[in-house]
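Quick notes on the structure that follows.
No value in this document is a laboratory result; all are computed from the given coordinates. What you are looking at is a predicted structure, and each value in this text was computed from that prediction instead of being measured. Don't worry about glycine lacking a Cβ; one is built from the backbone with ideal geometry, like all the others, and counts go over all protein chains shown.
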Amino acid sequence: MRRKQRAFTLVELLIVSGIFAVIMSALFLSFRSGIKAYSEIQDKLKSNQETRRFLQRIILDLRNSFAWQSEKTYFSGGKGNISFLTIVDSYSAGSKSTEFAFVAYERQENGVITRLCRRGKDSLNLASDTRADELLSQVKELRLSYGYTMENEKTLNWKETWSDANLMPEAIKIGLVFSDKRDAIFEQTVYLPIS
């Protein structure tokens, strides 16, 4: 007696293939959205790290700033630029040395913030061929304001420019607004050691 062999019908194969295609599509879409989210997080982390590095650099320079003389501080600042004398570390031949430098930060037209650092003998040489380094890009606005106190006052007053050649501000407020997809505005207040 012969038994009838059972096999899958064409309809059953089509149903299984359809279910398999739906499951694979769902897996692909969830995997793709996970990769996209991971990529976006990595981009945000990278840009936040670059911003943090920039803020650490400018804060260190400001905290090491000093007045050259009581009647000439070499400190000046506007809404999107600042320049001053500071102490910096230099490395050569495996050794570290400390020297004074003239430092200037400026937001360029293309949204890049640059840092000019003339060291040692070139510090006050305006004809020096020292080039500025690019520190941060896609900056829509660099907001700098300068804090000072009046006699007999205890609160800081703020102004957008600093042109007093005889004094240095007591604090500087740094604000960064970006032109890319970042939805954050970074702000930091730095109190200067000499005021």
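Here are some values of Rg/Rh (Cα atoms, Kirkwood Rh): (1) 0.99; (2) 1.40; (3) 1.13. Which one was computed from this structure?
Only one listed value fits the structure, namely (2).
How far, in degrees from 0 to 90, does helix 10-63 lean away from the longest principal axis of the Cα atoms of the chain, to the nearest 10?
10 degrees
Over region 138-195, what is the relative contact order in whole percent, taking alpha-carbon pairs under 8 Å and six or more residues apart?
37 percent
Give the lysines whose C-alpha is closer than 23 Å to that of residue 36, dropping any in the same chain fewer than 8 places away, or say none.
Leaving aside lysines fewer than 8 places away in the same chain, those within reach of residue 36 are 44, 46, 181.
With each label point set 7 Å from Cα along the Cα-Cβ vector, what nm distance links residue 158 and residue 56?
2.6 nm
Is there a quick way to get the dipole size of the chain? I mean about its Cα centre, with the Cβ of Lys and Arg at +1 and of Asp and Glu at -1; what is the value in debye to the nearest 20? Write down the numbers at each step before the final one.
Numbers: 28 positive and 23 negative charges, 339 e Å.
Charge dipole, the chain, about its Cα centre: 1620 debye, nearest 20.
Projected onto the charge dipole of the chain (+1 at Lys/Arg Cβ, -1 at Asp/Glu Cβ, origin at the Cα centre), which of 39, 157, 136 gives the Cα projection farthest towards the positive end?
With unit charges placed on the Cβ atoms, the residue in question is 39.
What does the net charge come to around residue 104 if you take all other residues with beta carbon closer than 15 Å to its beta carbon, with K and R at +1 and D and E at -1?
Details: positive: 57, 79, 107, 115, 118, 119, 131; negative: 61, 106, 122, 129, 133, 134.
Counting the neighbours of residue 104, the net charge comes to +1.
Under 13 Å from the Cβ of residue 57, count the other residues' Cβ atoms, weight Lys and Arg +1, Asp and Glu -1, and hand me the total. Let's see the in-between values first.
On the way: positive: 52, 53, 63, 115; negative: 50, 61, 89, 133, 134.
Counting the neighbours of residue 57, the net charge comes to -1.
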